[in-house]
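Following: one structure in structure tokens, then a few remarks.
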Amino acid sequence: MTEYKNILYEVNGAGVAKVTLNRPEALNAFTGEMLLEMAAAFRQAKADNTVRALIVTGAGRGFCAGQDLRASGSNPDFENTLKTYYRPMITALAGLGKPSIAMVNGVAAGAGMSLTLGCDFRVASQNAKFVTAFSKIALVPDCGMSYHLPRLVGLGRAQELISLNRDLMADEAYNWGLVVKVAPLEELEATTQAIATQLAAAPTLAFGFTRQMLHHSFALDLDGALEQEEDNQAIAGASTDFFEGVSAFMEKRPAIFKGK
Ligand code: LHQ
């Protein structure tokens, strides 16, 4: 296990890295040091070829309460805070090139909710809830929420959640498609690990390109999307995993993908 001060980082034998926010006494609220450690952990997972999927979760009863309001001070420079501490975490997660899952074990509020949205998938415990939190303290959404939330749930629902700041419980989040699975708290880890293990055995290279393509698609017209498909299919079609996938199909056996 790599040593960080505010988070735990471990990799299991199935190629799944797990990053645990580890300030349970403050509902894992973010400090600058913690955010820089998160960015470093995401870069570490990207650089490690044995890692093919990543789980992010929180220690204790919550996932993350967002910015540590006690550490913010009375005259904070939020622009600098966001640029220096939050942006590196979110861009490192977006550039991971491997599937990421937020294992939401309790409340995810403010930038803590934003972090779950920056992951590719969310798996939640039955008691988990999402709270945008920003409007309650007269702030605008940050840490990528203004980008990810309308893309994931649509403009109307994003506007409602951000403006009214109501709790979005796990079951409703599932019905909205924001969460892929809801499990009893005691089964959350096993449920999430099963999905992560499946993703870690998938063709990682194609996954990375697919993620990028889907995100870019919102800014493209049809011609642009077709061009993006052609460019990336040329790369995917030259990968070791493509040849393995076709061979496995012909030989009527399960494919063993190497992620390249
Ligand atoms: C906390 C926090 C917290 C410190 C609970 N800080 N202690 C980044 C920087 C630049 C610009 C601004 O934006 C950002 C990003 C952001 O994330 S801004 C949004 C910041 N987060 C919030 O406003 C959420 C504040 N917290 C809450 O609304 C509630 O605590 C939630 C809904 C998270 C949980 O409610 P409960 O389950 O009822 O727990 P609680 O309220 O009793 O909290 C438990 C403890 O955790 C409590 O401490 P205490 O000593 O009384 O037991 C809270 O004070 C502490 N805590 N959030 N963000």
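Evaluate the chain: find the radius of gyration of its Cα atoms, find its Kirkwood radius, and give the ratio Rg to Rh.
Ratio value, two decimals: 0.98.
With the crude spin-label approximation of a point 7 Å out along Cα→Cβ, what separation in nm comes out for ARG157 versus PHE78?
Label-label distance for ARG157 and PHE78, simple model: 2.6 nm.
Could you list PHE134, PHE218 in order of exposure, starting from the residue whose Cβ has the fewest other Cβ atoms within 10 Å?
Exposure proxy ranking, most exposed first: PHE218, PHE134.
According to the square roots a ≥ b ≥ c of the eigenvalues of the Cα gyration tensor, what is the shape class of segment 155-260, taking rounded for a/c under 1.5, prolate for a/b larger than b/c otherwise, and oblate for the remainder?
Since a/c reaches 1.5 but b/c is at least a/b, the shape of segment 155-260 is classed as oblate.
What is the Cα centroid distance between segment 30-102 and segment 115-151, reported in whole angstrom?
Centre-to-centre (Cα) distance: 13 Å.
What ranking, highest mean first, results for peptides 225-234, 58-67, 108-117, 150-159 when packing means the other Cβ atoms within 10 Å averaged over each residue?
Highest to lowest by the protection proxy: 108-117, 58-67, 150-159, 225-234.
Order of ILE162, ILE235 from fewest to most other C-beta atoms within 10 Å?
If I rank by nearby Cβ atoms, fewest first, I get ILE235, ILE162.
Taking amide hydrogens as modeled 1.01 Å from N in the peptide plane, which residues meet the under 5 Å criterion relative to ILE55, leaving out close sequence neighbours?
ALA17, LYS18, VAL19, ILE101
Is segment 34-75 rounded, prolate or oblate when judged by the Cα gyration tensor, a ≥ b ≥ c being the square roots of its eigenvalues, rounded requiring a/c under 1.5 and prolate requiring a/b larger than b/c?
oblate
What residues qualify as long-range amide H neighbours of VAL104, i.e. H under 5 Å apart, gap of 5 or more or another chain, H built at 1.01 Å from N?
Under 5 Å from the amide H of VAL104: VAL123, ALA124, SER125.
Quick one: if you stick a label point 7 Å off each Cα along the C-beta vector at MET1 and ARG166, how many nm between them?
4.0 nm
Using the number of other C-beta atoms within 10 angstrom as an exposure proxy, rank SER239, SER247, SER125 with the fewest first.
Going from least to most buried by this count: SER247, SER239, SER125.
Once you place label points 7 Å from the Cα toward the Cβ at THR240 and LEU139, how far apart are they in nm?
4.4 nm
Where does the chain land at 222 nm, in deg cm²/dmol rounded to the nearest 500, when only DSSP H runs of n ≥ 4 count, each adding -39500 (n - 2.57), divided by all residues?
-13500 deg cm²/dmol
Taken together, the values in this text are just the output of simple stated rules run on the coordinates, not laboratory data. Here the structure is a predicted model, which means the values were calculated and not measured. Because the Cβ atoms are built from the backbone with ideal geometry, glycine has one as well, and the counts that use them run over all protein chains shown.
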